[in-house]
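Accompanying notes for the structure given below.
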Amino acid sequence: MCGIVGYVGERDAVPVLIEGLHRLEYRGYDSAGLAVVHRGRLQVTKTAGRVQDLREKLKSNTRATLGIGHTRWATHGEPNEINAHPHTDTAGRIAVVHNGIIENAEQLRAQLQDSGVRLVTDTDTEALAHMIAAELAAAGECTLQDAVMRTLRRVEGAYGLVVLDIKHPDQLVVARNGSPIVLGLGENEMFVASDVAALVRYTRQVIYLEDGEVATIRAADYSTTTLNGGQAANKTKTPTTVDADEGDYDLGPYPDYMRKEIHEQPDALRRALLGRLDDRFATARLGGINLDARDLRSIRQVKFLGCGSAYYAGQMGAMVVEELARIPADAEPASEFRYRSPVVDPDTLYVAVSQSGETIDTLMAVQELKRKGGQVIGAVNVVGSAIGRECGRGIFLHAGPEVAVASTKALTNMAVNFALLGLLLGRVRDLSAASGHRVVTGLRTLPEQVARILASEEDIATIAHRFAEADHMFFIGRVRGWPVAREGAQKLKEISYVHAEAYQAGELKHGPLALIQRDMPSVVIIPSDGLVAKNISTIEQIKARGGPVIALTSTDIPEGLADAVIRIPRAEPELEPILLNVPLQILAYHTAAKLGRDIDKPRNLAKSVTVE
């Protein structure tokens, strides 16, 4: 959720920290701050607001070679300057930046207050700074790493944190439990961040910390340990090369990341399909799942687990798996799955879906499955992410870095990869070679078809502007159109703040129809399938009650039936949901733009949900 950056080396730390925070601002943007060691003293600068506000507040003569920074998405306390990170101890010796939630924070804060410590913020993080300082004061030969580890043994909850001590101006101590932390390896310099986006300008060699690990970084080296039953053990870690560079995070000619990422979808699809289509056997290649034909045939059910758009993509995936492989498939929110004591079937293939690979509810679901002997693969967009490492096998999405909070190209690549999985499962069963070739051809055509949709952006924008003043909107779908409707409603509400609800078309008569009125538009999704007549009937029911209708379709519908029509190219029926999503992204984008929203930084939301 929040963004963390740290630096130790020879160059001026302040520009590195500010640039890193700017790259991570999509993870949290209600306040920002940094702490550096300047002339032997701790200098902390914080502000409520954006990283640009912090940049303007900094003293021009501040230069340091050690520092930490943070951009916040509030969980404890209001988003103001006092509660902004970094947090310090009373003496100004220790500074801490922290992502996650300390679940026993109230107990720890009470203990500190009972011992005479005066707390000045409402945060859980401040307690850590005071506790680490107390450990250092209590033990004369205690290292900073020892003090951090002793403190963390008293902590319950999730954290990714970096600690600075002015009496150790050559090092930072870093720890992870449930919230991502990555180390960047430079030449006589080291970096730390909560996301590689903050690092790729300086290095592509990184170390991903595992849960329970603690690291000390210095300019010339680093060391890692792990907390195991209260005992620390030395660990050696192999660097990973990040498959991204600085240019992947530049806006280029686009005004914001969401529009950029919408237009990157044809290329993202080409990357996802590259080397994965087998024309000879009319099937798909997904070597990363490590399942041979016998393993694939033994699967009796597929279950997708994800949150938000990843869950809706899982619903699309479940539908295409059932259609192509003819085995039961469904999707469930990972946040529900992990808490309901699920029955884990050893013959079910579970697919954990997450763009970042760090979504905490999905990660916890994976760990629950592994405890119960379930077979689970990951579908992630970040190599080395927690879910990818926990699963040990899976499907890499190949969407490229996604910065905007509202997922676009990652969602599209999730859906196309699940179509590949459905094709693979189908061809080891009863899906004919002819049907397999039809799907392979359809998949290969998708990038060009998405490009054609993007070419009609201006027409879709006109429709968006026409209905942008509506306070409420329905999204209606049936069968293949249902998960598309859910995702479309999600996109509109999260970036435009227009109240949007998705309903199955057949359920309208069972309550929602009572809400239809002249100022409530309905977006009706009409794929080219055997249900076109049913969907036309749905539009007629809405129109009979005075409701405006936007029809999204790949087929012909009666002239004048809808108030506005968005047309897409016709695809293979199983693949049409992939195309139907794209115009809804554009519709949501231009609605939000018309209303003057901050599209990349919607209120109350952040990109990677690493806290509960």
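The values are calculated or read from the model by the stated rules, or taken from the named source; none is laboratory data. Just so we're clear, the structure is a prediction, and the values are computed from it rather than from any experiment. In this analysis, Cβ positions are derived from the backbone assuming ideal geometry, glycine residues included, and neighbour counts consider all displayed protein chains. To get the accessible areas, we keep the full protein, side chains included, count just its heavy atoms, and leave off ligands, DNA and RNA. Shrake-Rupley method; radii C 1.70, N 1.55, O 1.52, S 1.80 Å.
Within segment 381-426, if we keep just the residues that are free of Cβ contacts under 8 Å to residues at least 60 places away in the same chain and open to solvent by 10 Å² or more (accessible area, probe 1.4 Å), the residue that is farthest from the chain's Cα centre (by Cα) turns out to be G392. Scanning segment 291-306 for residues that are over 28 Å from the mean Cα position of the chain (by Cα) and open to solvent by less than 10 Å² (accessible area, probe 1.4 Å) turns up L296, I299.
So which residues in segment 173-222 are of a type in the set (S, T, N, Q) and farther than 25 Å from N381 by Cβ, if there are any at all?
Taking segment 173-222 and keeping what is of a type in the set (S, T, N, Q), we get 177, 179, 188, 194, 203, 205, 216.
Of everything in segment 173-222, those that are of a type in the set (S, T, N, Q) and farther than 25 Å from N381 by Cβ turn out to be N188, T216.
Taking E540, is it of a type outside the set (A, V, I, L, M, F, W, C), touching a residue at least 40 places away in the same chain (Cβ under 8 Å) and more than 30 Å from E103 (Cβ to Cβ)? When the stated conditions are applied, E540 does not pass them.
The lone criterion from (1) more than 24 Å from the chain's Cα centre (by Cα); (2) in contact (Cβ under 8 Å) with a residue 60 or more places away in the chain; (3) farther than 13 Å from A84 by Cα left unmet by L21 is number (1). Pick from segment 536-547 the residues that are surrounded by 12 or more Cβ atoms within 10 Å (Cβ to Cβ) and of a type in the set (A, V, I, L, M, F, W, C): which of them is farthest from L579 (Cα to Cα)? Looking at residues that are surrounded by 12 or more Cβ atoms within 10 Å (Cβ to Cβ) and of a type in the set (A, V, I, L, M, F, W, C), I get I542.
Taken together, G252, G229, G247 contain a single residue that is modelled with pLDDT under 90, open to solvent by less than 60 Å² (accessible area, probe 1.4 Å) and small (G, A, S), which is G247.
For segment 71-87, which positions are in a loop (DSSP other than H, G, I, E, B) and modelled with pLDDT of 80 or more? Let's see the steps before the verdict.
Going through segment 71-87, the residues in a loop (DSSP other than H, G, I, E, B) turn out to be 73-86.
Hits for segment 71-87 are N80, E81, I82, N83, A84, H85, P86.
When the criteria are applied in full, Y350 meets the requirement of being crowded, with 19+ Cβ neighbours inside 10 Å and in a strand (DSSP E or B). Checking each residue in segment 289-333 for being touching a Gly at 6+ places or on another chain (Cβ under 6 Å) and of a type in the set (G, A, S) picks out G306, G314, A325, A331. For segment 182-223, give me the residue count where each residue is more than 19 Å from Y249 (Cβ to Cβ), β-branched (V, I, T) and either open to solvent by 30 Å² or more (accessible area, probe 1.4 Å) or touching a Ser or Thr at 6+ places or on another chain (Cβ under 8 Å) (or both). Adding up the residues that qualify gives 3. Out of V450, V479, one residue alone is under 27 Å from A331 (Cβ atoms) and crowded, with 22+ Cβ neighbours inside 10 Å. It is V450. Just to be sure I understand, how many residues within segment 146-174 are over 32 Å from the mean Cα position of the chain (by Cα), part of a loop (DSSP other than H, G, I, E, B) and surrounded by 18 or more Cβ atoms within 10 Å (Cβ to Cβ)? Number satisfying all stated conditions: 2. Does G288 satisfy the condition of being open to solvent by 20 Å² or more (accessible area, probe 1.4 Å), over 29 Å from R597 (Cβ atoms) and touching a residue at least 12 places away in the same chain (Cβ under 8 Å)? Here the answer is yes, as G288 does meet what is asked. Among the residues of segment 548-582, the ones that are open to solvent by less than 20 Å² (accessible area, probe 1.4 Å) and in contact with a Leu (Cβ under 9 Å, 6 or more places away or on another chain) come to 16 in all.
Restrict the check to segment 315-323 and report whether at least one residue is more than 30 Å from Y503 (Cβ to Cβ), open to solvent by 30 Å² or more (accessible area, probe 1.4 Å) and assigned to a helix (DSSP H, G or I). No, because not a single residue in segment 315-323 is more than 30 Å from Y503 (Cβ to Cβ), open to solvent by 30 Å² or more (accessible area, probe 1.4 Å) and assigned to a helix (DSSP H, G or I). Modelled with pLDDT of 95 or more and among the acidic types (D, E) - does that describe any residue in segment 553-566? Scanning segment 553-566 turns up at least one residue that is modelled with pLDDT of 95 or more and among the acidic types (D, E).
How many residues does segment 98-125 contain that are without any contact (Cβ under 8 Å) to a residue 40 or more places away in the chain and either of a type outside the set (D, E) or open to solvent by less than 40 Å² (accessible area, probe 1.4 Å) (or both)? Please lay out each step first, then the result.
Here is the first cut: in segment 98-125, the ones without any contact (Cβ under 8 Å) to a residue 40 or more places away in the chain are 106-107, 109-120.
Then drop every residue that is not either of a type outside the set (D, E) or open to solvent by less than 40 Å² (accessible area, probe 1.4 Å) (or both), which leaves 107, 109-113, 115-120.
Residues flagged as without any contact (Cβ under 8 Å) to a residue 40 or more places away in the chain and either of a type outside the set (D, E) or open to solvent by less than 40 Å² (accessible area, probe 1.4 Å) (or both) within segment 98-125 amount to 12.
Only one entry of T143, T90, T125, T121 meets the criterion of being over 28 Å from the mean Cα position of the chain (by Cα), within 30 Å of V405 (Cα to Cα) and modelled with pLDDT under 95, and that entry is T121.
Residue-level check: of (1) in contact with an Asp or Glu (Cβ under 8 Å, 6 or more places away or on another chain); (2) at pLDDT 95 or above; (3) hydroxyl-bearing (S, T, Y), S608 misses just (2). Where the second residue is acidic (D, E) and part of a loop (DSSP other than H, G, I, E, B) and the first is under 20 Å from L363 (Cβ atoms) and lies in segment 186-215, which pairs have Cβ atoms under 7 Å and are six or more apart or on separate chains? Listed by first residue and then by second, the contacts come to nothing, as the list is empty.
Being in contact (Cβ under 8 Å) with a residue 12 or more places away in the chain and outside any strand (DSSP E or B) is a property that I68 lacks. Looking at this structure, is S309 small (G, A, S), open to solvent by 20 Å² or more (accessible area, probe 1.4 Å) and modelled with pLDDT of 95 or more? No; evaluated as a whole, the condition is false for this residue.
If I filter segment 1-52 down to residues being of a type in the set (D, E) and not in a loop (DSSP other than H, G, I, E, B), which single residue comes out as least open to solvent (accessible area, probe 1.4 Å)? Full working, then the answer.
So in segment 1-52, the residues of a type in the set (D, E) come out as 10, 12, 19, 25, 30.
Checking which are not in a loop (DSSP other than H, G, I, E, B) leaves us with 19, 25.
On the way: E19: 33, E25: 15 Å².
The extreme case among them is E25.
State which residue is least open to solvent (accessible area, probe 1.4 Å) when the search covers only segment 507-535 and only residues that are free of Cβ contacts under 8 Å to residues at least 12 places away in the same chain and in a loop (DSSP other than H, G, I, E, B).
Just the residues of segment 507-535 that are free of Cβ contacts under 8 Å to residues at least 12 places away in the same chain, to begin with: 507, 510-511, 514, 530, 533.
In the following step, the residues that additionally are in a loop (DSSP other than H, G, I, E, B) were identified as 511, 530.
Values: G511: 44, G530: 81 Å².
Among them, the one singled out is G511.
Counting just the residues of segment 261-285 that are farther than 16 Å from H398 by Cα and in contact (Cβ under 8 Å) with a residue 12 or more places away in the chain, which one comes out least open to solvent (accessible area, probe 1.4 Å)? This residue is A282.
Taken over segment 11-30, the criterion of being modelled with pLDDT under 85 and either in contact with a Gly (Cβ under 7 Å, 6 or more places away or on another chain) or of a type in the set (V, I, T) (or both) is satisfied by E25, R27, G28.
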